[in-house]
Structure formats: C-alpha cells, structure tokens
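Reviewing the structure listed below.
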Amino acid sequence: MISDNIIAQVHRPSRYLGGEVGSVRKDLDKAKVTFALAFPDVYEIGMSHLGFAILYHIINGIEWAAAERVYAPWPDMEEKMHASGDRLSSLESNLPLERFDVLGFTLQYELSYTNILNMLDLAGIPRRRETRGEAFPLIVAGGPCAFNPEPLADFIDAAVIGDGEEAVVELCRAVRDSRKAGEGRPQLLERLAKIEGIYIPSFFAVDYRSDGTLDEVRPLKPGYEKVRRRFLADLETAPYPTKPIVPFMTTVHDRVAMEIARGCTRGCRFCQAGYIYRPVRERSPERILELTEEALRETGYGEVSLLSLSTGDYGCIEPLLIAMMKRLADRRVAVSFPSLRVGSLTPGLMEEIKKVRKTGFTLAPEAGTERLREVINKGITEEDLLESTRAAFSLGWRLIKLYFMVGLPTETAEDVAAIVDLADRVKRTGKGTEGGADVNVAVSTFVPKAHTPFQWERQIGIGETLERQEMLREALKRKKLRLKWHDASTSFLEGVFARGDRRLGTVLEKAVDFGCRFDGWSDHFDFERWEKAFHACGIDPEWYLRERGQEEVLPWDHLDCGVPKEYFLAERQRSFQGCYTPDCRTADCSGCGVCDFEAIRMRLNQRRDLSLPPSPPVAADEEEDRFKIRLQVSKTGRARFVSHLEFMSVIHRAASRAELPVRFSRGFHPAPRISFPDALPTGVESEAEIIDLELFRSLEASGLMSVLNSALPEDVRVIAARSIHWQTPSPSVSIEESIYRIGVPLDAAAGLPERIREFLGAKHVPETRQKGARTITIDLRPGVRDLILEKGELWLTLTKGSPIAVAARLLERSTEEVRQLPIRKTVVVLKEDVPDAADAD
C-alpha cells in the first residue's frame with residue numbers, strides 16, 4: 001500500500017489519489033473476481049486511453065466482478081516506494097496488486113514493455129510465468145501490441161487478441177468458474193484457451209534454426225494451432241462509458257472521448273491499425289449524440305472529441321458535426337476531432353471544422369512523391385493535398401502541420417528531397433491569405449509492423465535515419481520551414497520489439513535491471529543501457545531490422561488477425577508494382593478475408609439529414625441578472641494533495657455537472673465566473689476555502705449547496721453557503737486572516753516557545769529560497785499576525801503567505817518534512833461583515 005506520507009513527497013501527487021468523480025469502488029471481499037487494470041505509463045497518459053475506460057466500465061458492470069486501476073509510478077514515486085518498502089497498489093482501494101485475481105496490462109506501445117516488468121517488480125510479483133505460484137494473479141495482456149506479444153510471452157499467462165468488450169467478460173467468467181470448481185492454474189488456462197481471441201503462450205513452443213530464424217511455432221495443445229482475433233460485430237449496441245472517470249489533474253486528452261467508428265479500410269500498407277481493427281463499424285449519429293450528451297452531463301467537460309482512425313471518413317460526418325454544434329454551442333461545449341485525411345475533406349466539412357478548431361490543421365501525406373504514395377497505398381494526390389491546404393488557409397488557418405515518414409520501402413533520395421518541395425508548395429498555397437501562412441513538418445521513421453503488407457520489409461538503421469533527418473533539417477531551414485523529428489534510437493528500439501520474438505524477453509529483463517523504464521519519454525530514455533543489455537544477452541538488435549524472406553516463419557504466424565498472410569503478400573507485390581487497392585467503402589470488396597458478410601461485416605451510415613429533437617433550452621446569462629453565492633468548502637483527506645489549479649477545475653466541473661446557472665466572462669475564451677481565495681499549499685487540509693459563484697439566475701443557497709455536494713468528489717464538501725450582494729469583493733480580497741492548526745512533532749517541541757517569542761518580537765524574519773536558478777530573500781514576519789502553542793499544536797494566524805515556510809522556520813524542519821505534518825486551515829476571518837443579498841443596498 002502507498003502511504004500518504006509518500007504521496008506528500010512526490011511531484012504531482014494527484015496521480016496517486018483515486019477517488020475521482022466517476023471512479024468505482026466495490027467491496028472487493030464480496031467480489032468473486034477482482035481485476036486490476038494496469039496501464040504501463042504515467043497516469044495522465046493512461047487516463048486518456050479510451051479502451052482502458054471501456055474495460056473498466058464493463059467489468060464493474062458485472063455484479064460479481066470488480067475492476068480497479070493502476071498506472072506506472074513516476075521515477076520519484078518509485079524511489080520513495082523502494083525506500084519505504086511500499087508495494088504498488090490500486091487507486092480505488094489501495095490494495096496491493098499481488099492480491100488481485102487478474103492483473104491486465106494494456107500494450108499500446110513497444111517502448112512501454114520495461115514498465116510492465118518494473119510494475120511487476122514494484123508489486124512483488126515474480127516476472128516470469130514459471131516462477132509465479134498460483135497465489136499470484138493471472139497476468140493478461142491486450143491492446144494493439146498483443147498482435148505480436150512474443151517478446152513478453154514468458155512473462156504473461158494470456159493475451160486478448162482483438163476487441164476486448166466481450167472477451168473480458170468471458171475471461172472473468174472463466175476465472176470465477178474455475179475457482180468455484182477448485183481448479184488450479186493449468187485447468188484455468190485450459191478454460192481460457194476455449195475462448196475465441198485468447199492466446200495462451202505456454203501452449204506453444206518456438207524452435208529456432210542455426211541461422212537464428214524461426215523453424216516452427218509448435219502448438220503443444222491439440223486443436224489449438226492458431227488463435228483467431230476476437231471481433232466485436234456491432235459497435236451500435238456495445239457498452240460505452242457515459243460516466244467516465246474525471247481526473248483531478250489535466251490529462252493528455254482532457255475531454256469527453258466519443259468513439260464514432262472502429263476500423264479503417266483505406267488500406268495504407270504501413271498501417272497496422274488499418275488491418276487489425278477491420279472491418280469498419282460505425283455508430284449511428286443518433287446513438288453518438290445520445291452517448292455524448294449523457295457523458296457531458298456526467299463529467300462537466302467543456303469539449304468532446306470524435307474519435308476513429310479516420311473521423312473524416314465517417315459516413316454521416318457533416319450532418320453529425322452540424323447537429324452537435326447546434327445542440328452544444330449554447331452550452332459552451334466545443335467539438336473536435338484529431339484524425340483528418342486529405343481525401344475526406346470536403347469544403348462543407350472544412351467550414352464546420354473551422355468553427356470548432358482554433359489550432360493548427362494537421363494532414364499526413366506520409367511521402368513526398370506520387371510514386372511513393374502509390375507504393376504505400378495512401379490514395380491521395382499532390383493536387384488533393386494542395387487543394388485542401390489552399391482551402392484551409394483561405395478559411396483562416398494560419399498553421400498547417402504535415403506528417404511524413406522516412407525509410408519507407410523503395411524510398412530514394414529523390415523521395416526524401418521531395419518532402420521539402422511539397423512542404424514549400426503547401427506554404428505557397430497560403431500566399432496572399434490574411435494573416436500569412438506557416439507550415440511545420442514532422443518526420444518519423446517507418447517501423448514495419450506485424451500483420452501488414454510491409455511486415456517483411458527492412459527498417460533503416462540509426463545512422464541512415466540521422467542522415468535523412470539532417471538533410472531535411474538543412475533543406476527545410478533554407479525554405480524557412482520548421483522540422484520536428486522522432487528520435488532515431490527510439491524508432492530503432494520500437495522496430496526491434498515490433499517484430500521481435502521470445503528471445504527478447506531476456507533483453508527486457510536485463511534492461512530493467514540496468515534501470516530502463518519510461519523509454520517512450522526522451523528525458524528517461526537511455527539507449528546506452530539498452531546497448532549494454534543487448535550485449536549482455538549476446539543478441540544483435542540490428543538483426544531484427546532486416547528484411548524477412550517471404551517463406552520465413554514469423555513470430556506471430558500462429559496469431560490470426562483475420563486477414564490471411566496470402567493477402568498481405570499480394571498487397572506487398574501490388575506495392576512494388578505501384579498498384580492502388582481501392583477502399584471497399586466506395587469500391588468493390590478488396591477480398592481481405594475479414595468479413596463473413598453476416599455477423600462480421602462493414603456497418604456504415606449513409607449521409608442523411610438528421611431529424612433530432614430540439615435541444616433543451618439554455619437560459620441566457622443576461623447582463624442585468626446578477627446573483628452571487630458564497631461557499632465555505634472543506635478539502636480534507638486525500639483531497640489535500642489536489643493542487644490549487646486542480647481544485648479550481650474540480651469546482652468548475654462540479655458546477656457544470658450540477659447544471660448551475662453560472663455566469664461566464666465575455667470574449668473569445670469565455671470562462672465561468674467563479675472566484676477563489678489565494679492558493680492553499682498542496683498537502684494542507686482546509687475547513688474554510690471561500691468560493692464565490694456568480695449566477696445569472698437566483699437560487700436558494702441551501703439548495704445549491706445540496707446539489708453541488710452531489711456533484712463533488714469525496715473529501716471535497718460544501719459546508720456552508722449564503723447569498724451575498726453581487727458586487728461583494730472576491731474571496732482573495734475579502735479575507736483578512738487565515739488560521740492554521742499544525743501538529744508539532746515531539747522532537748521539535750523543545751525550544752519552540754522561545755523561538756515563537758523571538759519570531760513575534762522580530763521586525764523582520766528573512767528567509768532565502770531558490771526560485772529557478774535564482775536565490776531570493778523574503779520576509780516571513782509581515783504576514784504572521786499571531787502564533788500560539790497549545791497542547792502539542794501550533795496555531796498560526798496569517799494575513800498572507802504560506803504556513804509551510806513559517807512552520808519550517810519555527811520547527812527547524814525542511815519544507816519537505818513540514819509538508820508531511822498534519823496541517824489544516826480551520827478558520828478565515830473576513831475584513832468586514834459581508835451583507836446578505838437581501839440586506840444589500
């Protein structure tokens with residue numbers, strides 16, 4: 001269990017709190033199956049992942065099952081855990097992971113693999129399957145990288161291949177039934193192997209040839225020669241989280257995420273997602289609007305993002321976007337979607353996008369020449385691209401971002417140079433438009449992925465990548481264009497593991513032993529440690545980047561993504577011939593083999609006008625209607641670790657969920673008129689946070705208090721509310737003094753009365769502190785009105801400033817040590833009695 005004392009010592013403690021709005025805490029003692037969902041990256045990344053939220057919603061929807069969450073602790077937390085001996089635990093119940101029935105990792109990115117082993121270490125769970133007894137959880141993996149989980153095969157018990165919505169329910173049922181039958185782990189694995197889409201690595205053995213290539217992936221269980229991917233037939237009826245967890249902290253995608261479609265049939269030959277998520281399954285626009293509105297009510301978010309592999313390809317995208325904007329604009333909810341494709345950008349769609357997108361316009365040509373775009377089956381011409389960028393600039397966008405890859409199959413120096421020419425032509429399409437035009441170019445290295453037509457291709461090495469990057473950097477600089485690039489060594493490592501086999505498991509272990517973790521983060525990635533790990537294991541990583549023979553056994557050949565190997569080989573040949581394979585949305589079936597044309601088939605929406613009920617009326621905040629309610633809010637327990645900015649977000653979203661008639665500021669970026677006091681130091685409790693809500697409709701204070709409390713997370717409560725005149729100064733101006741109670745450690749009590757007398761008797765109490773690279777001096781004395789030592793507690797009355805610095809001076813402790821003491825703001829005194837609204841004027 002992770003203690004509060006440790007949380008008090010780390011950066012961004014709200015990563016480790018739990019208790020967020022939307023989180024579910026079941027009685028684990030009553031649950032027949034307990035499931036820890038583990039994301040092998042930091043909280044703010046994991047909380048932005050939709051698949052994780054879907055599984056959390058589904059498992060907790062099962063009466064007899066319970067799901068909790070855990071994320072990879074940041075290195076500062078890991079250091080504290082090692083020092084204290086605390087085990088990695090779940091957020092909801094703070095239960096050590098070793099006590100769960102199932103521990104499920106999502107595999108989103110190859111460079112998160114070291115975090116998986118490190119999380120097992122921090123949980124006290126043996127890494128390798130054969131060394132884990134039956135007292136430890138079943139270790140399961142899923143996600144896109146599970147389509148080749150072989151580098152992790154010796155560490156996991158099972159992997160879910162494909163869509164997880166139905167498979168995870170069947171997995172939980174198998175665990176429950178196996179336990180009820182008194183079976184051991186071998187019998188449980190037999191049960192799991194019968195579930196479509198579940199891969200049991202121990203039921204296969206791998207034989208190697210003398211040249212290092214695979215001889216055979218040998219099935220050990222009769223009738224279990226291949227594992228076919230699991231398909232979710234219909235997205236329309238699939239469960240979806242309309243009460244998602246609302247984090248305290250700002251996450252990567254801080255908004256409602258609405259999956260409008262799954263799958264893509266564009267057929268880009270480098271794109272693994274385009275093959276492993278086939279066929280295209282769209283939700284109806286009516287269902288999307290229904291789910292979106294419910295999620296917005298439950299979360300209080302001010303933005304919704306429409307998600308799919310290519311949102312612009314959604315069959316009813318323009319009518320959907322228009323309908324959404326009509327229904328949500330009055331509520332100040334923005335609509336965005338991240339994935340745009342040149343071929344799907346109609347003038348009407350771009351007009352609608354312009355209304356909701358204020359940042360850069362991002363397009364991905366991927367290659368600089370028509371020839372190379374035909375090789376990769378991108379399906380867009382240069383004129384398509386230039387027409388789209390010309391329209392974007394004319395509609396008012398000032399910045400266009402272009403994404404390319406280097407190292408694509410058959411690439412030549414001319415293809416690389418053409419990236420510069422194309423980017424320059426894109427910039428020129430904005431010439432003469434109001435405000436000017438700018439273009440940013442981003443380049444990544446092509447990484448061949450399993451289950452794609454390019455799974456046999458060679459990946460260029462680090463040196464070749466650096467040469468291409470340098471050439472582009474210099475050439476684009478001459479054109480006054482900026483370049484961003486993906487680190488060559490991380491692309492190299494991604495390529496090794498993307499097509500890796502079981503022998504890489506020893507390298508993973510060694511890399512973790514050498515300190516590798518958070519390899520996807522540039523400030524933590526250390527390629528020298530990886531080189532040391534490969535050398536220690538006698539494995540040449542360059543070997544994994546080589547071109548594969550077409551007859552070669554591939555490490556993932558026993559895993560069936562639904563598209564046969566023969567189709568990939570045919571597509572590979574078509575790429576070399578420059579032949580385009582049309583999208584089966586708009587052309588004949590390409591014969592990829594995924595659909596059975598009954599249950600498994602494309603489910604599309606034809607463009608149509610949407611007949612929707614009118615949106616509920618939203619009252620306008622008229623200028624003359626002004627009311628104000630002053631709240632006294634407590635922030636106790638683990639909520640004390642929520643920072644001031646995070647606390648403000650908590651209140652804003654709670655007011656939105658409670659549908660309070662809060663006034664908004666005017667201007668381009670309207671903000672709710674909610675006023676807060678000066679920042680309370682993180683880690684300090686409070687019974688007296690004063691917050692003012694400015695309303696455009698009168699509400700009874702007691703009723704507002706009740707409805708707002710129902711929308712707040714645990715440990716944050718409104719304990720008093722009253723109406724005040726709307727011209728009353730803000731809390732930060734109104735508060736005359738704040739009183740804090742601080743628990744005094746026994747070993748700090750000696751000499752404390754004398755130090756208090758000296759402090760109060762001094763005219764100045766200078767204190768030096770670091771502010772960035774500078775050392776500054778502040779005077780603590782002016783802000784202190786009184787100090788009283790009573791029954792082992794220090795009562796501190798401040799007119800301004802932080803109690804932490806004063807307490808550290810008096811107790812002769814560091815600020816880090818003082819933050820671990822029990823400190824609570826108990827009372828605030830207002831400068832003058834604030835009149836009630838009824839008494840004003």
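The values are calculated or read from the model by the stated rules, or taken from the named source; none is laboratory data. Just so you know, these numbers come straight off a predicted model, no measurement behind them. As a convention, Cβ positions derive from the backbone with ideal geometry for all residues, glycine included, and neighbour counts pool all protein chains shown. We work out accessible area using only protein heavy atoms, side chains counted, and drop any ligands, DNA or RNA first. Shrake-Rupley method; radii C 1.70, N 1.55, O 1.52, S 1.80 Å.
Okay, residues lined up against (1) part of a loop (DSSP other than H, G, I, E, B); (2) buried (at least 18 other Cβ atoms within 10 Å of the Cβ); (3) among the small types (G, A, S):
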position: S649; (1), (2), (3): no, yes, yes
position: A655; (1), (2), (3): no, yes, yes
position: R666; (1), (2), (3): yes, no, no
position: P677; (1), (2), (3): yes, yes, no
position: T682; (1), (2), (3): yes, yes, no
position: L693; (1), (2), (3): no, yes, no
position: S723; (1), (2), (3): no, yes, yes
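Test I719 against the criterion of being touching a Ser or Thr at 6+ places or on another chain (Cβ under 9 Å), open to solvent by less than 40 Å² (accessible area, probe 1.4 Å), in a strand (DSSP E or B) and hydrophobic (A, V, I, L, M, F, W, C), and give yes or no.
Considered against the rule, which asks whether it is touching a Ser or Thr at 6+ places or on another chain (Cβ under 9 Å), open to solvent by less than 40 Å² (accessible area, probe 1.4 Å), in a strand (DSSP E or B) and hydrophobic (A, V, I, L, M, F, W, C), I719 comes out as no.
How many residues does the range 594-611 contain that are surrounded by 15 or more Cβ atoms within 10 Å (Cβ to Cβ) and either touching a helix residue (DSSP H, G or I) at 6+ places or on another chain (Cβ under 6 Å) or over 19 Å from S284 (Cα atoms) (or both)?
3
Does the range 526-545 hold any residues that are loosely packed, with under 14 Cβ neighbours inside 10 Å and either assigned to a loop (DSSP other than H, G, I, E, B) or touching a helix residue (DSSP H, G or I) at 6+ places or on another chain (Cβ under 6 Å) (or both), and which are they?
Correct list: G538, D540.
Table: residues versus (1) touching a Leu at 6+ places or on another chain (Cβ under 8 Å); (2) within 28 Å of S734 (Cβ to Cβ); (3) outside any strand (DSSP E or B); (4) hydrophobic (A, V, I, L, M, F, W, C).
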position	(1), (2), (3), (4)
I788	yes, yes, no, yes
L794	yes, yes, no, yes
T797	yes, yes, no, no
I804	no, yes, yes, yes
A807	yes, yes, yes, yes
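Looking only at the range 566-592, count every residue that is of a type in the set (D, E, K, R), over 33 Å from the mean Cα position of the chain (by Cα) and surrounded by 14 or more Cβ atoms within 10 Å (Cβ to Cβ) and tell me the total.
Total meeting the criteria: 3.
Just to be sure I understand, how many residues within the range 233-262 are over 21 Å from R15 (Cβ atoms), open to solvent by 10 Å² or more (accessible area, probe 1.4 Å) and not hydroxyl-bearing (S, T, Y)?
7
Identify, please: which residue in the range 748-789 is β-branched (V, I, T) and closer than 16 Å to K800 by Cβ and is, among those, surrounded by the most Cβ atoms within 10 Å (Cβ to Cβ)?
Among those residues, the one meeting the criterion is V784.
Out of everything in the range 139-153 that is in a loop (DSSP other than H, G, I, E, B) and among the small types (G, A, S), what residue ends up being nearest to L554 (Cα to Cα)?
In this case the residue turns out to be A153.
Of the conditions (1) over 32 Å from the mean Cα position of the chain (by Cα); (2) within 20 Å of E374 (Cβ to Cβ); (3) surrounded by 17 or more Cβ atoms within 10 Å (Cβ to Cβ), R390 clears all except one; give me its number.
(2)
Filter the range 411-438 down to the residues that are assigned to a loop (DSSP other than H, G, I, E, B) and open to solvent by 60 Å² or more (accessible area, probe 1.4 Å) and list them by number.
Hits for the range 411-438 are K431, G432, E434, G435.
Confirm whether S93 is in contact with a Pro (Cβ under 6 Å, 6 or more places away or on another chain), modelled with pLDDT of 95 or more and not aromatic (F, W, Y).
When the stated conditions are applied, S93 does not pass them.
I want to confirm something. Restricting to the range 169-188 and keeping residues that are aliphatic (A, V, I, L, M) and closer than 27 Å to H57 by Cβ, which single residue is surrounded by the fewest Cβ atoms within 10 Å (Cβ to Cβ)?
It comes out as V169.
In this structure, does I6 turn out to be in a helix (DSSP H, G or I) and open to solvent by 30 Å² or more (accessible area, probe 1.4 Å)?
Against the criterion (in a helix (DSSP H, G or I) and open to solvent by 30 Å² or more (accessible area, probe 1.4 Å)), I6 does not qualify.
Name every residue in the range 125-138 that is free of Cβ contacts under 8 Å to residues at least 60 places away in the same chain and part of a helix (DSSP H, G or I), in order of residue number.
Matches in the range 125-138: E130, T131.
Any idea which residue in the range 278-311 is nearest to the chain's Cα centre (by Cα), counting only those that are without any contact (Cβ under 8 Å) to a residue 40 or more places away in the chain and buried (at least 19 other Cβ atoms within 10 Å of the Cβ)?
So the residue we want is T292.
Just give me the residues in the range 203-224 being within 19 Å of P149 (Cβ to Cβ), open to solvent by less than 40 Å² (accessible area, probe 1.4 Å) and hydroxyl-bearing (S, T, Y), in sequence order.
If the condition is that a residue be within 19 Å of P149 (Cβ to Cβ), open to solvent by less than 40 Å² (accessible area, probe 1.4 Å) and hydroxyl-bearing (S, T, Y), then Y224 is the only one that fits.
Residues of the range 449-482 being buried (at least 20 other Cβ atoms within 10 Å of the Cβ), in a helix (DSSP H, G or I) and either in contact with a His (Cβ under 8 Å, 6 or more places away or on another chain) or of a type outside the set (A, V, I, L, M, F, W, C) (or both), which ones?
T465, R468
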